[in-house]
Amino acid sequence: MIPLDLLEKYNLPESQVTSAIETAISRVLSAAFRMDMMVRAQGTLKVYALPSPDSPLRRIETASLSRQLQRQIRFQIERELEKRQALYEQETLTALRGRPVTGEIRHISSDGEATVALEMEDHFSRLTLTGVCPARYIPPRERQTLAVGDIKTFLVTSVLPVMKNGRAKVLIRLSRTTKILPEALLKERTGEPSIYCVRRIAGAFSSIETKRKLPKHAIQEVSNELKERIIVRIVEGEKS
């Protein structure tokens, strides 16, 4: 009754998995039997029907359910797990917003939108996620040369749960044109918090202000990654 292959597919806490199974089975059987159902999925699966508020609980033997009902239950369990996985990933990945991430271009659509495979650490495992970068957020010089297989660094601009073709997923939006990207990359490489990007023309130059001198190798690395000049000016006082 409980599809073990689905449980292995989703990276969810046990409490979330149990709740998803109970919700899905209750939804399917309540509609099929036209009565309230109570489902317990901790340990051995137990399903009880409640014909009316005054009636005693009646045990439903899940092994006797029709194949059609069992297929519906499997379908609903997967949809419920997908939805919870998307919400769980959103919570986990919200911290990525505003951070640079590196990914591999997997697809470029006819309108120039890039689909990007992102790999990142999640406790003791690695998550492989998918991000999208609209064409308008890819520097003009790169739009004609970007190819599947290219490795690029992007800034995560948003992490949102969405429904696509009736299925829940997390949408990670990316950008290569925001002025926060060179700023974030330099902060990541130098640890200097005062770095601030005053102006950027993506693919041409970024104008950076900082209170302290930055290592030349860090500036060159960011320049190579973004394929643009990085102009650094040391200033006095705090940025507002």
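Readers should treat all values here as calculations from the given coordinates under stated rules, not as data from a laboratory. Predicted model only: the values in this text are computed from it and were never measured. All Cβ positions, glycine included, derive from the backbone under ideal geometry; neighbour counts span all protein chains shown.
Note: the stretch 1-110, Cα convex hull, 174 Å³ per residue. Taken over the stretch 97-175, the alpha-carbon convex hull comes to 103 cubic angstrom per residue. Taking the dipole about the Cα centre of the chain, with the C-beta of Lys and Arg at +1 and of Asp and Glu at -1, give me whichever of T145, H217, T190 is farthest to the positive side. The listed residue farthest towards the positive side: T145. Placing +1 on the Cβ of every Lys and Arg and -1 on the Cβ of every Asp and Glu, with no other charges, gives the chain a dipole of roughly 560 debye about its Cα centre. Taken along the Cα-to-beta-carbon direction at a fixed 7 Å, the label points for Y48 and N165 span 4.1 nm.
Between the amide H of E113 and those of A135, distances stay under 5 Å, these residues lying 5 or more places away or on another chain, with hydrogens modeled in the peptide plane. Placing R0 at 41 angstrom, the Cβ-Cβ distance between S30 and A95 gives a FRET efficiency of 0.60 after rounding to 0.05.
The label-point distance for R59 and T130, in a model that sets each label 7 Å from Cα toward Cβ, rounds to 4.4 nm. For the chain, the longest principal axis of the C-alpha atoms and the axis of helix 14-33 are separated by about 50°. Just so you know, the Rg over Rh for the stretch 163-230 is 1.15, from Cα atoms, with Rh as the Kirkwood radius. The count of lysine pairs in the stretch 179-234 with alpha-carbon distances below 16 Å, taking only pairs 8 or more places apart or on different chains, stands at 6. Relative to its Kirkwood radius, the Cα radius of gyration of the chain gives an Rg/Rh of 1.17. With contacts taken as Cα pairs under 8 Å and at least 6 residues apart, the chain reaches a relative contact order of 13 percent.
Rounded to the nearest 20 debye, the dipole magnitude of the stretch 125-240 is 300 debye, with +1 charges on Lys and Arg beta carbons, -1 on Asp and Glu beta carbons, and the Cα centre as origin.
Computed from the C-beta positions of Q70 and R40 and an R0 of 22 Å, the FRET efficiency is 0.75 to the nearest 0.05. For the stretch 45-70 versus the stretch 167-240, the inter-centroid distance based on Cα atoms is 60 Å. Specify which residue in the list I73, Y88, I60 is farthest towards the positive end of the charge dipole of the stretch 50-102, using unit charges on the beta carbon of Lys, Arg (+1) and Asp, Glu (-1), about the Cα centre. Projecting each Cα onto the dipole axis, the largest value belongs to I73.
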